[in-house]
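What follows is one structure encoded as structure tokens, with my remarks underneath.
FYI, it's all coordinate maths here, none of it is from the lab. Quick caveat: nothing in here was measured; it's all calculated off a predicted structure. Because the Cβ atoms are built from the backbone with ideal geometry, glycine has one as well, and the counts that use them run over all protein chains shown.
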Amino acid sequence: MKKLLLFLGILLMHRPGFAESVLPIGDFSHGCLDGWEHKSFKGETRYRLLAIDGLMALTAESHAAGSGLFKEQRVDLTQTPYLNWSWRVSQPLTGLNEQSKPGDDYAARVYVVVKGGLAFWQTRAINYVWAGNSQKDRIWPNAFAGDHAMMLALRGSEAPLQTWQHEKRDIRADFKRLFGEDITVIDAVAIMTDTDNSGRTASAAYGDLWFSKD
């Protein structure tokens with residue numbers, strides 16, 4: 001079974017969420033990785049907390065490897081539907097056919113996952129990706145997982161390198177648009193910088209992630 005299906009499969013545990021107006025998920029700026037777990041598929045992407053421009057961030061370096069970090073966190077989207085984060089890419093991946101299995105690698109990606117419970121095949125995910133060869137705002141099904149995981153290119157080859165980009169996504173609205181369902185709860189968030197299919201090298205950094213009411 002390929003890496004994306006495996007990654008989705010481990011994100012199945014139930015944990016209580018919160019009804020706060022702001023719900024922290026990744027507090028990297030304070031040097032904190034509490035609750036984040038590592039999953040390797042081929043080799044290991046190197047994740048480290050390092051200072052960038054005077055602010056602590058989670059850096060990722062991948063050399064022909066595919067591994068990610070995930071956090072099981074039940075989030076009530078009726079209370080906090082917006083996922084906020086920042087990211088930057090230092091060494092991009094270019095020239096790949098990202099709609100194919102050999103090209104299913106990304107310098108940076110952020111997942112949101114809805115578990116399928118015992119019905120594993122009902123697990124669904126949105127992959128927000130920093131694409132190297134797909135136009136910004138393009139949407140396509142993942143090459144390995146099909147329409148169980150929809151890819152959305154938030155940044156493309158036009159995005160400046162070594163520059164922080166800030167994202168804010170209405171997760172509930174995105175699930176409705178991509179899957180045609182009104183999803184009110186998500187079960188996990190994950191990040192991954194991976195180059196195991198292409199055998200190349202990529203590096204990126206991730207800032208704090210949090211859900212918010214608006």
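Given all pairs of different Cα atoms, what value in angstroms does the Kirkwood hydrodynamic radius of the stretch 45-92 take?
Result for the stretch 45-92, one decimal place: 13.5 Å.
Take SER157 and ASP170, extend 7 Å from each Cα along the Cα→Cβ direction, and tell me the distance between the two endpoints in nm.
Going by the 7 Å Cα→Cβ label model, 3.2 nm.
From the square roots a ≥ b ≥ c of the eigenvalues of the alpha-carbon gyration tensor of the stretch 50-126, which class results: rounded (a/c under 1.5), prolate (a/b over b/c), or oblate? Mind dumping the intermediate values first?
Details: a/c = 2.21, a/b = 1.21, b/c = 1.83.
Since a/c reaches 1.5 but b/c is at least a/b, the shape of the stretch 50-126 is classed as oblate.
Which ³J(HN,Hα) values, rounded to whole Hz and listed in residue order, are derived for the stretch 47-55 from phi using the Karplus coefficients 6.51, -1.76 and 1.60 in 6.51 cos²θ - 1.76 cosθ + 1.60 with θ = phi - 60°, glycine and proline given as x?
So the J values, rounded to whole Hz, are 9, 9, 8, 9, 7, 10, 6, x, 10.
Can you give me the Cα centroid spacing of the stretch 146-197 and the stretch 83-137 in angstrom?
Here the two parts' Cα centres lie 6 Å apart.
With θ set to phi - 60°, apply the Karplus curve 6.51 cos²θ - 1.76 cosθ + 1.60 along the stretch 124-134 and write out the HN-Hα couplings as whole Hz, x wherever there is a Gly or Pro.
10, 8, 9, 9, 8, 10, 9, 7, x, 9, 10
Classify the stretch 99-214 as rounded, prolate or oblate, taking a ≥ b ≥ c as the square roots of the eigenvalues of its Cα gyration tensor: rounded when a/c is under 1.5, otherwise prolate if a/b is larger than b/c and oblate if not.
Oblate is the answer for the stretch 99-214, as a/c is 1.5 or above yet b/c matches or exceeds a/b.
Would you calculate, for the chain, the mean residue ellipticity at 222 nm contributed by helices, counting each DSSP H stretch of 4 or more residues as -39,500 (n - 2.57) and dividing by all residues, to the nearest 500?
Computed mean residue ellipticity for the chain: -2000 deg cm²/dmol.
Provide the gained length on full extension for the span GLU44 to ASN133, in nm with one decimal, where the gain is 0.36 nm per separating residue minus the Cα-Cα distance.
29.7 nm
Given [x] 0.93; [y] 1.39; [z] 1.00 as candidate values of Cα Rg over 2.2 N^0.38 Å, which corresponds to the one derived from the coordinates?
Checking each listed value against the structure points to [x].
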